[in-house]
Structures are given as C-alpha cells and as structure tokens.
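**Student:** Questions regarding the structure given below will be posed in turn.
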Amino acid sequence: MTETFTAMVIDAVDGKPKGSFRQISIADLPDHDVLVEIAYSTLNYKDGLAITGKGRIARRMPMIGGIDLSGTVVESRSPEWKPGDKVVLNGWGLSETEWGAFGRYQRVRPEWLIRLPDAFSMEQAMAIGTAGYTAALCVDALEKWGSIKPGEGEVLVTGAAGGVGSVAIALLAARGYSVTASTGRRETHGYLASLGATEFIDRAVLQEKGGPLQKERWTGGVDAVGSTTLANALSQTVRGCAIAACGLAGGADLPGTVLPHILRAVTLIGVDSVFASREQRLAAWARLARDLDKGKLDSMTAVEPMSNLPQLAEDIVAGKIRGRVVIDVTK
C-alpha cells in the first residue's frame, strides 16, 4: 500500500471552487473506520459541477471529489467489514461534506457501504454508479405509486442520453413499458432506441413555456432536468399519475402551478439518492441485477483514466457526454 497517491482535490482558487490534482497521503484521510482501496469511480453531473467550479458542490474545502466508488476493504475497525471484502459506495455526502472517491484510497463509515452485488464486476458497478442506481430508485418509486403499467400509456424520460436517462430507459423497457425519450441530440436517437426507447420528443418542446394544464400524455416519468421541463411534464401527466424527479440539469427552479396536482391529482415524487436508506439501496441494486441488460450497459459506458477528469468535467456540464463514464483511478 503506497503512502501517497494522486487525488482530484476541490479547493478555493481566487475565491471560487476549482478541481486540480494533488498528492495525498494515507495519513491525510479522515478518521473513519473502513479503509477502501478504490478500483473505479464514475463521472456524474454533480462531479462535473464540482471540478469545474460551475456549481458549489463542495461545502468545505479542500475536498476530494467523486461521489461513487467500487473497491476492496484494506483495513476495518468495524465488525461488519473485513479486509478483502468487495464494496460499493454511492452518495452519503461524498465530494460535498465528506472526502470522495477520485483517488486510490479513502476512509469511509461502515454504514455507507454495501457489498458488491454478485451480478456485477467492480467496473460494471461503476458503469451503473449513482446515475444508474438513481434511475432504479425512480422506477421503484413509480411502480410503488402504481401509476405505470406495462403496455399501457407512455412513460417520459428526460435528459435521456445522460447517465440517469440511459439506465432508466433500459430498466423501463425491460419491464415492458413504452418509453418516450426527451433529448436535444438527434444523433443519439439510434443509441436510445437500442436501449429501448420507442418514441422521441425534442427537449426544446418541453423547454417552452406552456400552460398549467396541457393535453394529458404521460402515465409516468423520470426527470433529471427540472425547471420548465419538469413543469411541462407535470402539466402533461395523466390524471392520478406521477413523475419521479431526481435532477436539475436544466435548473433548480420549478416554474409551474398547483393546478396539475389539485385538478388532476398528479404527484411529484422526489427521489434522493444521496441519503437513501439501506433498504432502498439494496432494492435498487436488486432491480439493476434483475432487469439491466449487461450488453446495454456496455453500450452506454466508456472507461476513462482519472487524468482526463478536467476535460471530462467540462464536457458533462456542457451536455456533451453520452451515457456513463467510468473513471479508472489507477491511471
């Protein structure tokens, strides 16, 4: 075990957060009970905001970025984990209030970890990452609500070519739902169709200001965009149905009205992946193991060295990333 390693550290530069590579020692890590040797992390939209400084993700600095990891336990003061255990961590404030995964090692709390599912390799677990796990939480939420039924109606997925959208389409299609993908990139239509999308709607249509009650169309939806897109989706949702919202790529505002909710009984389900319970996490990963086609997962995934993070961060914030990016923290 090397005493020092390279990490992507978010720090204040001229009063603004900015990510750069820095040497970190094992001794610098937080005094948590489990030391994990990280094999892979991922690139999420939140990671892009943190590294570029285009969003104030890190609430204290310096902060190691990276909200996901897969790896092997090296040391443990917890009876729950022992050296050699293969583990996955998603969220729990990593890169915000807790040092994250863009480095070779990290010390974490035992309750943050789950065991690497037998169905996936460490690389595949990070191809899923927070984006895919969040997509599974959204599908879980919609099915529990009961508004979507296989073969009946249209289910909308916004930000379709992104990480959440890609996995959501694959999961919904595997369950027999008719999926309409919202994207502004026509060149991704073939890719999205290969994941299971059957219809497309240009994101510009959902970005236009619309009326509070529009023609009913969606029996459910997974929204990673927010803002006007979400407001329009709610205004177009079928009476008694629901939209699961998990992101804000289009903005944190919601310029809508209460009318869809009080006149059509439309429900907005908020999905928080960062502090989801262990029960929710295990259910989401069980769904991924059962329903996510590994061939489709491979088709949406690229593996990149950690050294490429600065440019990748710019690309994901600019909407240039398709699908999922796995980060090899050893390179």
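**Student:** Criterion first (in contact (Cβ under 8 Å) with a residue 40 or more places away in the chain, within 21 Å of the chain's Cα centre (by Cα) and over 21 Å from Arg278 (Cβ atoms)) does Ile114 satisfy it? Break it down into steps so the answer makes sense when it comes.
**Tutor:** Values: in contact (Cβ under 8 Å) with a residue 40 or more places away in the chain: yes; within 21 Å of the chain's Cα centre (by Cα): yes; over 21 Å from Arg278 (Cβ atoms): no.
Here the answer is no, as Ile114 does not meet what is asked.
**Student:** Of the numbered conditions (1) more than 13 Å from Gly66 (Cβ to Cβ); (2) part of a strand (DSSP E or B); (3) at pLDDT 95 or above, Met8 satisfies every one except a single condition; which is it?
**Tutor:** Answer for Met8: the failing condition is (1).
**Student:** Is there any pair with a first residue in the stretch 15-34 that is open to solvent by less than 30 Å² (accessible area, probe 1.4 Å) and a second that is part of a helix (DSSP H, G or I) and not β-branched (Val, Ile, Thr) whose Cβ atoms are under 8 Å apart and which are 6 or more apart or on different chains, and what are they?
**Tutor:** Hits for this filter: Pro17/Ala50; Gly19/Ala50; Gly19/Leu309; Gly19/Pro310; Gly19/Ala313; Val34/Pro110.
Okay, residues lined up against (1) surrounded by fewer than 24 Cβ atoms within 10 Å (Cβ to Cβ); (2) of a type in the set (A, V, I, L, M); (3) at pLDDT 95 or above:
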position: Gln106; (1), (2), (3): no, no, yes
position: Trp112; (1), (2), (3): yes, no, yes
position: Ala119; (1), (2), (3): yes, yes, yes
position: Gln124; (1), (2), (3): yes, no, yes
position: Ile128; (1), (2), (3): no, yes, yes
position: Cys138; (1), (2), (3): no, no, yes
position: Gly151; (1), (2), (3): yes, no, no
position: Ala160; (1), (2), (3): no, yes, yes
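**Student:** Another question, then. Please state which of the following conditions Arg185 fails to meet, knowing it meets all the rest: (1) within 21 Å of Thr130 (Cβ to Cβ); (2) open to solvent by 30 Å² or more (accessible area, probe 1.4 Å); (3) not acidic (Asp, Glu).
**Tutor:** Unmet for Arg185, out of (1) within 21 Å of Thr130 (Cβ to Cβ); (2) open to solvent by 30 Å² or more (accessible area, probe 1.4 Å); (3) not acidic (Asp, Glu): (1).
**Student:** Taking the stretch 239-263 as the region of interest, how many residues are surrounded by fewer than 18 Cβ atoms within 10 Å (Cβ to Cβ), in a strand (DSSP E or B) and modelled with pLDDT of 95 or more? If you could, list the steps in order and put the result at the bottom.
**Tutor:** The initial filter retains those residues of the stretch 239-263 that are surrounded by fewer than 18 Cβ atoms within 10 Å (Cβ to Cβ), namely 239-240, 251-255, 257-259, 261-263.
With in a strand (DSSP E or B) added as a condition, the list becomes 239-240, 251.
From the residues that got through so far, the ones that are modelled with pLDDT of 95 or more too are 239-240.
So the count comes out to 2.
**Student:** Out of Ser273, Ser235, I need the residue that is open to solvent by less than 70 Å² (accessible area, probe 1.4 Å), closer than 22 Å to Asn44 by Cα, among the polar types (S, T, N, Q) and in contact with a helix residue (DSSP H, G or I) (Cβ under 9 Å, 6 or more places away or on another chain). Which one?
**Tutor:** Going through Ser273, Ser235 in turn, just one is open to solvent by less than 70 Å² (accessible area, probe 1.4 Å), closer than 22 Å to Asn44 by Cα, among the polar types (S, T, N, Q) and in contact with a helix residue (DSSP H, G or I) (Cβ under 9 Å, 6 or more places away or on another chain): Ser273.
**Student:** Which of the residues that make up the stretch 117-157 are within 20 Å of the chain's Cα centre (by Cα), more than 30 Å from Glu199 (Cβ to Cβ) and among the charged types (D, E, K, R)?
**Tutor:** Glu123
**Student:** Could you tell me whether the stretch 217-236 includes any residue that is assigned to a loop (DSSP other than H, G, I, E, B), under 16 Å from Val164 (Cβ atoms) and in contact (Cβ under 8 Å) with a residue 12 or more places away in the chain?
**Tutor:** Yes, some residue in the stretch 217-236 is assigned to a loop (DSSP other than H, G, I, E, B), under 16 Å from Val164 (Cβ atoms) and in contact (Cβ under 8 Å) with a residue 12 or more places away in the chain.
**Student:** Please tell me if Thr42 is closer than 24 Å to Gln124 by Cα, assigned to a strand (DSSP E or B) and open to solvent by 20 Å² or more (accessible area, probe 1.4 Å). Spell out the reasoning first.
**Tutor:** Numbers: closer than 24 Å to Gln124 by Cα: yes; assigned to a strand (DSSP E or B): yes; open to solvent by 20 Å² or more (accessible area, probe 1.4 Å): no.
The answer is no for Thr42.
**Student:** So Ala101 fits all but one of (1) touching a residue at least 60 places away in the same chain (Cβ under 8 Å); (2) assigned to a strand (DSSP E or B); (3) open to solvent by less than 10 Å² (accessible area, probe 1.4 Å); what number is the exception?
**Tutor:** (2)
**Student:** Something else about it: What about Asp85, is it open to solvent by less than 50 Å² (accessible area, probe 1.4 Å) and modelled with pLDDT of 95 or more? Even if it seems obvious, please write down each step before you answer.
**Tutor:** Details: open to solvent by less than 50 Å² (accessible area, probe 1.4 Å): yes; modelled with pLDDT of 95 or more: yes.
Considered against the rule, which asks whether it is open to solvent by less than 50 Å² (accessible area, probe 1.4 Å) and modelled with pLDDT of 95 or more, Asp85 comes out as yes.
The values are calculated or read from the model by the stated rules, or taken from the named source; none is laboratory data. Every value quoted in this text rests on a predicted model; they were computed, and no experiment measured them. Cβ sites come from the backbone with ideal geometry, for glycine too, and all protein chains shown count toward neighbours. In case anyone asks, the SASA skips ligands and DNA or RNA and just uses the protein heavy atoms, side chains included. Shrake-Rupley method; radii C 1.70, N 1.55, O 1.52, S 1.80 Å.
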